[in-house]
Structures are given as structure tokens and as C-alpha cells.
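Here the structure comes first, spelled out in C-alpha cells, and everything after it is commentary.
The values are calculated or read from the model by the stated rules, or taken from the named source; none is laboratory data. Bear in mind that the values here come from a model prediction, so they are computed numbers and not experimental data. Backbone-built Cβ (ideal geometry, glycine too); neighbour counts: all protein chains shown.
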Amino acid sequence: MPAPSSLIKPLYMPHTSSPFVLRGAAALLLALLPALAWAQATPTPNRIDGYGTPNTTAPSPPNPSNHGETEVNILTSYYSQDGNRGAVEGGIGTQQLTDLTPTIILNVPLDSVTRLSANLGMDYYSSASTDRIDQVNSSPSSSDTRIHLDLGLARQLADKRTIVGVGAGFSAEYDYLSFNVSGSWARASADGNRELSVAGQVFLDQVTVIRPVELRNTPDPTGGTTRQSYNLNIVYSQVLSQRLQVAVSTELVAQRGLLSTPFHRVYFRETGSGYGTAKTELLPRQRLKYPVGLRLNYYATDLVQLRGYYRFYNDNFGITAHTFELEAPVKVTPFFVLYPFYRYHTQTAADYFAPYLAHSVTNEYYTSDYDLADFSANKFGLGLRYSPVYGISRFKTPFKGRVAKFKALDIRYAYYRQSTGLTANLISADLSFTLP
Amino acid sequence: MTNSMTLPNLARLTLGGLLLAGGSGLSSCVSVAAYQKVYLNDEDMKLSNKRIEVYETNFQSYREGAGGANGGKVGGGCGCN
């Protein structure tokens with residue numbers, strides 16, 4: 001299903017036909033290139049792409065040189081979920097979804113104090129619930145591919161204790177285009193026992209409005225189809241003893257624009273359940289989130305460590321949540337680690353949520369998306385990491401015959417279950433290579 | 001669907017307790033020299049999520065309204081079903 005180009009065009013400056021303007025735009029882009037090449041700064045080392053996962057904890061020690069080796073990570077995951085609370089059908093539809101996500105992460109030292117990083121990946125996903133936008137089982141909207149790229153540059157300053165970074169990236173799929181820029185700063189104390197990091201990110205998104213088939217003859221929603229998100233991530237970490245350290249973090253988020261999903265239906269108790277009586281989900285155009293996290297890591301014995309995390313969350317949609325996580329890495333041998341983990345999450349419903357047929361037509365805002373419902377969720381699973389000190393294997397590369405090292409292998413399985421009935425399985429793998 | 005008539009109070013108590021514990025820990029922390037950090041430098045003692053956890057973090061940020069605090073549903077992916 002080709003994208004309705006008229007909805008995306010404004011992002012590509014379609015009216016700048018003058019050569020002078022084009023040259024100016026090219027010069028501007030070239031001037032911005034250093035900044036655009038600056039994503040994935042140290043405080044968010046595990047982010048996969050721009051919309052993803054800002055870290056909730058402290059950055060690595062400020063030493064970006066890392067022995068001058070180029071690091072290559074190949075990550076992949078297979079995700080599968082099922083449930084019967086799909087928002088596309090007003091809270092009663094299928095939630096079947098599968099997602100395959102190969103990603104390559106490059107980390108290249110440019111000199112002894114500067115590192116360039118690049119994350120390139122895709123999602124290939126297939127969603128039964130999205131398929132129900134048209135109420136048929138074989139519409140092209142049932143599957144899609146998303147690509148994402150993020151570039152970043154991190155630099156250690158002359159004091160050897162401060163790292164600054166900038167970055168940029170984009171993500172594109174059929175009905176969604178997202179650009180982001182980021183900047184970060186991290187500074188460690190002289191003895192290395194304390195560290196403060198601050199990172200900011202701005203996302204600029206363009207949504208292609210696709211509404212349920214029976215609602216396409218009604219006027220488009222007012223207020224535009226863009227979304228802006230501003231994230232501020234602050235982390236303070238502290239060594240407490242030779243075996244214990246803590247990090248306190250907050251990730252403040254402000255969002256503006258189209259926060260509703262245009263193809264989510266809502267059915268009202270006054271109008272019954274037939275097609276044609278639904279409306280498309282409507283949520284406020286501003287959202288503020290204020291979470292606080294606390295992480296404690298304890299080296300209990302040479303055999304077992306304990307990694308604990310708690311997060312309190314609140315936002316202006318009326319959601320309050322608590323999340324607890326515990327992971328206990330067990331060193332079976334010095335190079336082989338098993339890590340069982342458990343996570344518990346509970347949240348209250350957004351003020352605007354009601355189940356199928358429970359909303360009134362007099363409601364100002366309404367959604368039957370169970371992501372915004374009150375529920376609890378349990379997740380548990382097992383990971384294993386194999387990282388022998390001299391690597392798993394070596395092989396010759398096409399790059400001047402240099403020998404690469406297959407350094408480590410990480411595999412992880414997680415099972416997730418919500419009290420709404422949603423279940424999910426996820427298996428992921430991380431293959432680490434280094435290139436001298 | 002659960003929950004949670006007592007959650008606000010529980011939240012305040014839990015958060016207060018954790019911050020108190022963290023705060024008392026901070027005030028009583030000792031200075032650990034670089035050569036004493038053999039345990040703290042262990043791979044599993046890093047104060048960050050593992051890289052491989054990122055996919056879980058992503059789907060949680062979509063499947064939970066309180067997810068992530070990472071911009072919510074921006075950037076697409078499997079969040080629109």
C-alpha cells in the first residue's frame with residue numbers, strides 16, 4: 001500500500017525549486033553534518049534507535065577510546081504477542097503481532113578521545129489487529145517494514161572526566177516518519193565514585209492519518225498531524241561501597257501534537273456496537289510524564305550479583321505506575337553467565353480510558369486502547385552470556401585482510417503476561433565483534 | 001484489570017523508603033579507590049540496562065501506558081496495533 005505522498009511531502013521541502021535555495025539548503029545540511037553525526041552519546045549506550053530506550057541509569061565510565069578497537073554488534077530479536085483487547089476494534093479485537101528486528105551497531109574510534117557510532121536496523125512486523133482497519137483479513141496494512149538509522153559522536157574533554165555528545169537519526173515506515181536530534185553531557189568525580197549525566201532529545205514526527213474504513217468520509221481531525229516530543233534524562237550515580245552502587249534517574253517527557261492513533265476505534269454506549277457508530281480515538285494534544293528511577297547493584301558473591309530497579313511513574317493523563325525489576329546473574333564459570341530475571345509492573349488507567357461500549361458520547365476525550373488501561377504485568381525469563389577472554393573465534397575480513405574477533409554471545413528469552421490477557425514472547429540475541 | 005485504590009499511598013511510601021535508603025547510603029558512602037573496584041567493574045555491575053534488553057524495553061514502552069518515559073509512541077514500530 002503506497003503512502004499517500006501528499007501527507008508526507010512537506011517534510012521533503014517540495015517547493016524549493018530555485019537553484020539558489022537548493023544550494024543554500026545543501027550548504028546548511030553540510031554545516032549541520034557534524035551535529036547530525038552525533039547520536040548515541042554515552043548516557044544512552046543501549047539505545048537502538050531514536051524512538052527507543054533512553055537509559056535510566058548512569059553512563060559507562062568516561063573512557064571512549066576503548067583500546068582503539070572498532071566494535072560491531074549484531075542484534076536481533078523475534079517478538080510475538082497475542083490477546084483480545086485490540087484498540088483497532090474498540091477494545092475487543094485481536095492483538096496478534098509478530099516483529100522481527102535485525103540491527104547493526106557500529107562503534108568506531110576516530111582518535112583517542114572521540115567515538116563515532118551508527119545504529120542501522122529494521123523491523124519487519126505483521127499485525128492482525130492493524131489488518132482490521134479495513135475489516136478484512138488480507139489488507140496490505142497487515143504487515144509493514146520500518147527502517148531506522150541513528151548516528152552519533154561522543155568526545156572526551158581534556159579534563160578526562162567529561163564526555164559530551166550529539167546525535168541525530170530518523171525512523172520511517174508506511175504511516176510514520178520520525179526525526180530526532182540529541183545532546184548529552186556526563187561528568188565523573190575525580191575519584192570516579194560519582195557521576196552526573198544529562199541528556200536531551202527532541203523528536204519531530206509526521207503521522208499519516210489512516211482512519212477505519214467506515215470513518216473515511218468524515219472530516220479529518222483538526223489540529224494537525226505532527227507530533228513533537230522533548231525528553232530530558234538526568235542520572236546521578238554513586239559508589240556506596242566496594243560491592244554496592246546506586247543510580248537515581250529521571251526522564252522528563254513533554255509531548256505535543258497528535259497523540260491519538262487515528263485508526264483506533266471507540267464505541268459508545270448510546271450508539272451501540274455496529275460499524276459506522278464508532279469514532280476515532282481522541283486524546284489531549286499535550287502529555288507530560290514524570291518518572292523517577294532507582295537502581296541498586298550489589299556484588300553479593302563471586303558467584304551471584306543482584307541488580308535491582310524500581311521506578312515510580314506519573315503523568316498528566318492520570319496514569320500512576322510502579323515497576324520493580326530484579327536480575328541475578330550467576331557466574332557458572334568466569335566466562336559463562338546465566339541471568340534469570342523478573343519484572344513486575346502495575347499501572348492505573350488514564351482518565352480517558354474506558355472499555356468497549358463504556359464511553360459516553362458526552363466524553364471530551366476517549367480511548368479504548370488497553371495500553372492505557374489499569375493492569376498489572378509480570379515478565380520473567382532467562383539470559384545467557386558467553387564471553388571467553390580471548391573471544392569465541394577469529395576470522396579474516398575483506399577489509400585489508402584484518403582479523404576480526406567474535407568476542408561474545410548474549411541470548412535472552414522473556415515471557416510477558418498482562419492481567420488484560422495479553423501475552424508476549426521475546427527472544428533476542430547480541431553477537432559482539434571487534435576489529436583491531 | 002486490577003488494582004489499585006491504595007496505590008498512591010503505597011507509591012509515596014515505597015518511593016520515600018527507597019529515597020531514604022538511597023539517601024542514607026549516599027551520606028554513609030565510602031571512598032573507593034580505583035584498585036578496590038574489582039567488583040564494581042564487573043560486567044554485571046554496570047549501572048545501565050544491557051544492550052540486549054533494548055527490545056524488551058521497546059515493547060514495554062508500547063504495551064504499557066506508563067512505559068518508558070522515552071517519548072512514548074514516537075517513531076512507529078509495533079506500537080500502532
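Condition (residue is in a loop (DSSP other than H, G, I, E, B) and within 24 Å of A:Ala424 (Cβ to Cβ)) applied to the stretch A:387-403: is it met by at least one residue? No, the stretch A:387-403 contains no residue that is in a loop (DSSP other than H, G, I, E, B) and within 24 Å of A:Ala424 (Cβ to Cβ). Any residue in the stretch A:216-227 that is within 30 Å of B:Asn49 (Cα to Cα), in contact (Cβ under 8 Å) with a residue 24 or more places away in the chain and touching a Lys or Arg at 6+ places or on another chain (Cβ under 9 Å)? Yes, some residue in the stretch A:216-227 is within 30 Å of B:Asn49 (Cα to Cα), in contact (Cβ under 8 Å) with a residue 24 or more places away in the chain and touching a Lys or Arg at 6+ places or on another chain (Cβ under 9 Å). Can you name every residue in the stretch A:406-436 that is assigned to a loop (DSSP other than H, G, I, E, B) and facing another protein chain (nearest Cβ under 9 Å)? Matches in the stretch A:406-436: A:Ser419, A:Thr420, A:Leu422. What about A:Val337, is it within 11 Å of chain B (Cβ to nearest Cβ), more than 20 Å from A:Glu251 (Cα to Cα), of a type in the set (A, V, I, L, M) and surrounded by fewer than 16 Cβ atoms within 10 Å (Cβ to Cβ)? Judged against the criteria, A:Val337 is not a match.
Yes or no: the stretch A:291-313 includes at least one residue that is touching a strand residue (DSSP E or B) at 6+ places or on another chain (Cβ under 6 Å), within 9 Å of chain B (Cβ to nearest Cβ), at pLDDT 90 or above and part of a loop (DSSP other than H, G, I, E, B). Taking every residue of the stretch A:291-313 in turn, at least one turns out to be touching a strand residue (DSSP E or B) at 6+ places or on another chain (Cβ under 6 Å), within 9 Å of chain B (Cβ to nearest Cβ), at pLDDT 90 or above and part of a loop (DSSP other than H, G, I, E, B).
If you check A:Phe324 against the conditions, is it touching a Pro at 6+ places or on another chain (Cβ under 7 Å) and either assigned to a strand (DSSP E or B) or touching a residue at least 60 places away in the same chain (Cβ under 8 Å) (or both)? So A:Phe324 fails the test.
Yes/no per residue for (1) in a loop (DSSP other than H, G, I, E, B); (2) surrounded by fewer than 21 Cβ atoms within 10 Å (Cβ to Cβ); (3) within 20 Å of the chain's Cα centre (by Cα):
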| site | (1), (2), (3) |
| --- | --- |
| A:Thr98 | no, yes, yes |
| A:Ile105 | no, no, yes |
| A:Pro109 | no, yes, no |
| A:Arg115 | no, no, no |
| A:Leu120 | no, yes, yes |
| A:Tyr125 | no, no, yes |
| A:Ser129 | no, no, no |
| A:Asp134 | yes, yes, no |
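Within the stretch A:397-422, the residues that satisfy the criterion of being under 15 Å from A:Phe380 (Cβ atoms) and exposed (fewer than 15 other Cβ atoms within 10 Å of the Cβ) are A:Tyr413, A:Tyr415.
The set of residues from the stretch A:249-290 being of a type in the set (Lys, Arg) and within 11 Å of chain B (Cβ to nearest Cβ) comprises A:Arg287, A:Lys289.
Only one of A:Ser368, A:Ser360 is buried (at least 21 other Cβ atoms within 10 Å of the Cβ) and within 27 Å of A:Gly421 (Cα to Cα); which? Even if it seems obvious, please write down each step before you answer.
On the way: A:Ser360 fails: buried (at least 21 other Cβ atoms within 10 Å of the Cβ).
Going through A:Ser368, A:Ser360 in turn, just one is buried (at least 21 other Cβ atoms within 10 Å of the Cβ) and within 27 Å of A:Gly421 (Cα to Cα): A:Ser368.
Note on the stretch A:219-248: among residues that are under 26 Å from A:Asp205 (Cα atoms) and polar (S, T, N, Q), the one that is farthest from the other protein chains (Cβ to nearest Cβ) is A:Thr222.
Exactly one residue among B:Ser48, B:Ser4 is outside any helix (DSSP H, G or I), at pLDDT below 55, at the interface with chain A (Cβ under 7 Å from one of its Cβ atoms) and crowded, with 17+ Cβ neighbours inside 10 Å, and that residue is B:Ser4.
Within the bounds of the stretch A:348-356, is there any residue that is within 10 Å of chain B (Cβ to nearest Cβ), assigned to a strand (DSSP E or B) and either surrounded by fewer than 21 Cβ atoms within 10 Å (Cβ to Cβ) or modelled with pLDDT of 95 or more (or both)? Yes - at least one qualifying residue is present in the stretch A:348-356. Only a single criterion out of (1) in a loop (DSSP other than H, G, I, E, B); (2) away from chain B (no Cβ under 12 Å); (3) touching a strand residue (DSSP E or B) at 6+ places or on another chain (Cβ under 7 Å); (4) closer than 24 Å to B:Val54 by Cα is not satisfied by A:Val361, namely (4). When we screen A:Val403, A:Val389 for residues that are within 13 Å of chain B (Cβ to nearest Cβ) and modelled with pLDDT under 95, the only hit is A:Val389.
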